[in-house]
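Structure record follows, encoded as structure tokens.
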């Protein structure tokens, strides 16, 4: 994460929504106009004869335990209760039988919105049990990849645009959705693809009654037979033409990119099979110069002198060079945040302003974010999106809260404060001659109604660097009472290992969300579940340590998992890879003895019930775990073999968040040190085989160095060899394959040119053409990129990826050093179904493995074969960065033999 200060048209995230009804049940959009009540249906265990619901509307207190009695419903086995929510738009629920037996959903409260919610067997739904005749089943003929129904029951409120996704099983060319009308007998409807194209029936809303209705080409057929019962199925090309906005209160964009031909889904598969390439999108490759923007710091930073605007790389450039990444052997791409940013120096993406919109400086015609995801998937590459739950830009978050600062267009400040234009909004593509964007929506010369900022607009007596008068409330600050305390925290961090590290601002450009507030929680969950619906494959969570673990465990992680489960099913949902940045810039196992600020701490569920109020719970959790200390933390054997045997891992206490391996990162000054420290921490992580492992990044090098790793080519080769064969998921920061900007300061904000930093533009090394015929295999290459791909470390990296992909034990295996003599030497095994992969690994030096299974072992590096008859195998090796991987060849699981061709370091 960056901590430095500082529509041609608008493409909304809704472009590829594939949402499911559960999202609407769990977390209704903030602008929803649904009634402030919820009817809860609950199906208990058959042994229960009575049911109480214990609940708390969002932002309100819980009922007195055991709650209120539910009424037996006419549908056998179900109980029902209508709950008034007041002004709230959501509620937390638990259930009990009134005699001390509770269903608390494995320690997590059930979450519901308004309308109808059903809970059965731990699953939340929205269909009234046993059905009802007062529903409308609507078939809509469409050619869109995803279709939404925007509707309102007669006499009721409209859904929040773009409506609800029509995701029920239909047939080719048709979308289907069934909605409950409540007491109404009809509804009004419009349809959209979520990208701005609407069918609103020539300006008239469709009128639909109860029962089955088919809408095709503007014709409504009531009491219709299912069009999917007929044969042949209707053609998908028979779609209506998009028109202007519907007569309901939604104003869609009129310039949407084409909708995808199939619903957006993640690739799936065990994330440990992948290796990850990390790019700063804006600094990787420039595919479209028309969206380049230098910002207000373009000249001051020195970027202008290098003709190097901060926003230079983009999605089109990334799409163009996906084959380069695949040719290196990577199968996952971690990209910096994509949300619309707002600050003076925001190319990195961590100053989010509109979390529901993709930054247009990254998109191009034909290269939207959805296009990037879809193209990557077509090549077998996953997209891991960097996300921020902890903070917004200093200007707040659009749709949640934006502070109004003092401004004046006088002789000193008219250059800075835009002339106000009614209805005009911030658009980062519109820069003036000095690189400034429109800010007329942010300032006022008079205190706004309800302002609590003291002495608004009065001179402070201080001067700016230009010599201009400064005023109170001119810049956002946590202590100036410019942000509401229910939505944002009001203090600066004083103790980085204290509770305030989780509840105060860490930088002036990072307005710290009150993540224990339900409105903030819903805002963030609503935003990020939409990216899930675009088909992203995982989230890297920025600044995760600055949010209490109990908040992750009670709110954010369950909400993401519930949405994933509803979209993909429980099994595939687990393939979505969430890895958090719990920044611990120390070399020891626990972060200066503070468990609450240590990375491994975040991989565990809570083990105690805390207060229902999230703010109180956060304090209780901090104190409870802090008092238990490092010696009172849970341990795990999930990463370790039992002798030579793989055992089923126990993930019952897993929080849902994996971690960046901060300890190995901080100790990667050399590979042996990283290896030793990584082993030492693994018993405190729920499952270290899922750790994200890297040497350096866009923030720091090893030992909290401010420069990119500069240990030399041999050391890089050895580091890579360890990462690609030890437990965890190997990850590489862009350009490290050629030691790009080694030794250069990683980040200096706008005080120096980006070209002189570890965030420099990489595109000059990628010019030309490249195709990948397989992972780690170049099909063809020309120009500068061909030279890049010929470098020794690149060849080393390609072969490491090939070997790792050929040996399941290297991807997902547990490990052990028992019976192993040598430096960086270990045995690994992975067993699942018919797969049994057992390997003996040594890096840079020789080793002896004792007490191993007898049999034939074949080295994946040289092809050498050794037959073991006495349970012992000795490997001779003495070359920094070189490797031996002797794989046990078994019936049904033969060793792959020699994988790839010899390289400078692997031979």
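Every read-out reported here was derived from the displayed coordinates using simple, explicitly stated rules and does not represent laboratory data. Given the structure is predicted, the values throughout are model-derived calculations rather than measurements. Using ideal geometry, Cβ is built from the backbone for each residue, glycine included, and neighbour counts are taken over all protein chains shown.
Going 7 Å from the Cα of residue 609 along its beta-carbon direction, which residues of the range 553-567 have the amide nitrogen within less than 16 Å of the resulting point? Residues 554 qualify, since their backbone N sits under 16 Å from the label point.
Each of 874, 519, 904 has some number of other Cβ atoms within 10 Å of its Cβ, and from fewest to most they run 874, 904, 519.
Within the range 823-844, whose backbone N sits under 17 Å from a point 7 Å along Cα→Cβ of residue 907? Answer for the range 823-844: 844. Given a Förster distance of 25 angstrom, what is the FRET efficiency for residue 475 paired with residue 500, based on the Cβ-Cβ distance and rounded to 0.05? Working from the Cβ atoms, E equals 0.70.
For the chain, the share of DSSP beta bridges that are antiparallel, to the nearest 5, is 75%. Can you grab the distance from the C-alpha centre of the range 476-547 to the C-alpha centre of the range 726-749, Å, no decimals? About 27 Å separates the Cα centre of the range 476-547 from the one of the range 726-749. Approximating the spin labels as points 7 Å out from Cα along Cα→Cβ, the residue 447-to-residue 412 distance works out to 2.1 nm. Can you tell me the FRET efficiency between residue 832 and residue 378 if r is taken as the Cβ-Cβ distance and R0 is 25 Å, rounded to the nearest 0.05? After rounding to 0.05, the efficiency reads 0.35. In this calculation the C-beta distance from residue 270 to residue 771 is compared with R0 = 25 Å, giving a FRET efficiency of 0.35. The ranking of 473, 130 by Cβ neighbour count inside 10 Å, starting from the fewest, reads 130, 473. Our estimate of slack between residue 673 and residue 880, defined as 0.36 nm per intervening residue step minus the Cα-Cα distance, is 73.1 nm. Once the Cα-Cα distance is subtracted from the 0.36 nm per residue extended length, the residue 850 to residue 491 segment shows a gain of 123.5 nm. Shape analysis of the range 609-703 places it in the oblate category; the axes a ≥ b ≥ c from the Cα gyration tensor give an a/c of at least 1.5, with a/b not above b/c. Spin-label model, residue 458/residue 890: points 7 Å from Cα along the beta carbon direction are separated by 7.8 nm. Centre-to-centre separation between the Cα atoms of the range 145-186 and those of the range 66-88: 25 Å.
By the count of other C-beta atoms within 10 Å, a proxy for reagent exposure, 541, 91, 124 are ordered fewest to most as 124, 91, 541. Taking only the Cα atoms of the chain, the radius of gyration and Dmax are 28.6, 89 Å.
Taking label points 7 Å from Cα along the Cα-to-Cβ direction, residue 710 and residue 102 give a separation of 5.7 nm. Every helix of 4 or more DSSP H residues in the chain counts as -39500 (n - 2.57), and over all residues that averages to -4000 deg cm²/dmol at 222 nm.
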